[in-house]
Structure formats: C-alpha cells, structure tokens
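Here, each number is a calculation from the coordinates, and none is a lab measurement. Computed from a predicted model, the values in this text were never measured in an experiment. Note that each Cβ is placed from the backbone with ideal geometry, even for glycine, and that neighbours are counted across all protein chains shown.
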Amino acid sequence: MQADLVYDVGMNNGDDTAYYLHRGFRVVAIEADPNLCKGAVSRFGKELESGRLQIVNIGIAAKPGVSDFWICEAHGVWNSFDRTISSRNGLPHHRIQVPCQTFGWVLEQCGVPFYLKVDIEGNDFLCIEALQDRADLPAYVSVELGDLDQFVTKLSALGYREFKCVSQFHFLPLQLPPTPEQLALEAGDTSTLRRTRDWVFPEGASGPFGEDTLGRWLDQDEVRRTHAHYSKLRDEQTSTPFWFGASFSFWLDLHARRGMSRAAGV
C-alpha cells in the first residue's frame, strides 16, 4: 500500500479529486467519459505536470476490450454501462464506445492506494472483487451503496471489519443513537453541513473519508441492524434527515476500514 495515494474511481467532474489533492495525496483518477477527462486536464494542469495526478481514461469492466457506455446528457453522474441508469427519469442519453480494463490491471499499473473511492454506477462491485487474493489492500474503501449485505459480506471476507453508512446528502452516518451532528441538524443547525477541516464540499461530491468521517465505526452486524432500522423508517415514510420530500431517496456510501493507518496527506 502506498500511504500517500488515493484512487478516485469515477472521477466525473473532478470535485473529489480536487479534495484529495488539497489534502496532499497523489491521485489516480479513473473516468470512462472522454469529455470529462478533457475537462479535468484543463482543471488540473499543474497537478498533472507535477505528477501528483494521473488521469486514466478507461471504463472498469470484467475483461479488457471496448464496450458501449451510456452518457446521461442532463446528469453526468448517471453515466453508466447500464442504460437503465443513464436513462433514469426519461433523461436524454446517448451511446459512445470506450476502452475498458479490469480493476486488477489498474492496481498492477498504479499500485495499491491508501484509500479507494469507487462510484461508477453499476460496475462498482468489480473493483471490490479485484481485491480478492491480494496480500496488499487499501486501508480504507468507500463504495456507493447498492446491496449492503453483498458489499459487507465481500469486504468482511477481505479483512474489512468496521463500517459506516454515510448519507451523501450531508455526510451524516446512519447511527443509533444518532450522532450529535444529526441532532444538531434536526434542530436546525446547518453550520457544519458538508464541511470538513478547511473544505466545503460541492453538491455531488463524495465527502470526507477515513477518520474524517463522522460517527463511530460499526461491526458488520451493527451496520446491518442500523441500515435495516433506517430502511424500515423510510418504508414507513417517517421523516428523518436522510431523505427529502416524497421520493424518500436513500443515497448512501458504504465506508470500510481495514486497520488504523496514518497517511502522508493527513
């Protein structure tokens, strides 16, 4: 593991990459959309020139090759190999073809990061599967949450024993009893919303990671119970800070910790 390295798998517009660079890390940013990569080249010229940032314009797939990739024209975070994701809500979308590689290939080429962030709308699990049978693993992993049981089971088998489900609306964790930050938000205090250290996260950013995430780390049984509790509240349409309006959208990242480590960027 390289303690000063972060992977941004699903770079999109580069907001997460900008935060990791600000923290002092080197970054490998992976993005399938060539237009988003062009934008990042313009945005991060200095970091690319210094070697602190490497942009890899590929899609992550089960095998190398060229595949159809769907661009959501109105909401780029829904770009995906899965057309049903890119066409959500009837949004306009179109197909391009992109070069693909396995995530194992990326690890071999670029090294194992301290923190692995994955948000690639449909192929996230391929990145977790690629960690199997490796002696060297990231200290921290986060992935956009789909099937909690599937991800927790797989990550636990890899030696990740502690977890947090973190809301992407405001970066509060699902926790029982609620965190002080959740209670403050429920009381109307938004002073620390989407902030950490000296950084304000724009809408759509993945937020803090590792020990900068709020709340305590939960073992796999507790994270399952806690997620089930809040899922029941959502199904009952009970008001909480974790969803808004009538949609009751449950937008979470699962963070996992393998062991305590300090990194060059901390």
Original post:
lysines near LYS38 by alpha-carbon distance under 20 Å, same-chain residues fewer than 8 away left out - which ones?
Top reply: LYS46
Subject >> Backbone HN-Hα couplings from phi across region 64-72 [Karplus 6.51/-1.76/1.60, Hz, Gly and Pro as x] >> reply: x, x, 10, 9, 5, 9, 9, 9, 7
Original post:
For TRP70, what charge total do you get from the other residues with a beta carbon under 13 Å from its beta carbon, if Lys and Arg give +1 and Asp and Glu give -1?
Top reply: -2
Subject >> region 196-229: GluC sites (Glu not before Pro) in DSSP loop, at most 12 other beta carbons within 10 Å >> reply: GLU203
Original post:
Spin-label point model (7 Å from Cα, Cβ direction): what's the LEU183 to ARG195 distance in nm?
Top reply: 2.1
Original post:
Share of antiparallel DSSP beta bridges in the chain, in percent to the nearest 5?
Top reply: 55
Original post:
Mean residue ellipticity at 222 nm from the helices of the chain, using -39,500 (n - 2.57) per DSSP H segment of n ≥ 4 over the full residue count, to the nearest 500 deg cm²/dmol?
Top reply: -7500 deg cm²/dmol
**OP:** About the Cα centre of the chain, how large is the charge dipole given +1 on each Lys and Arg Cβ and -1 on each Asp and Glu Cβ? Please answer in debye to the nearest 20.
**Re:** 280
**OP:** Starting from the Cα of GLU73, move 7 Å in the Cα-to-Cβ direction to define the label point; list residues of region 87-121 whose amide nitrogen is under 17 Å from there.
**Re:** 87-97
**OP:** Compute the projected area of the convex hull of the Cα atoms of the chain, averaged over all viewing directions, and report it in nm² to one decimal place.
**Re:** 13.9
**OP:** Please give the contour-minus-distance gain from ASP4 to ASP212: 0.36 nm per residue of separation, less the Cα-Cα distance, rounded to one decimal in nm.
**Re:** 73.3 nm
Original post:
Nearest 0.05, what FRET efficiency do ARG43 and GLU236 give at R0 = 41 Å with Cβ-Cβ as r?
Top reply: 0.40
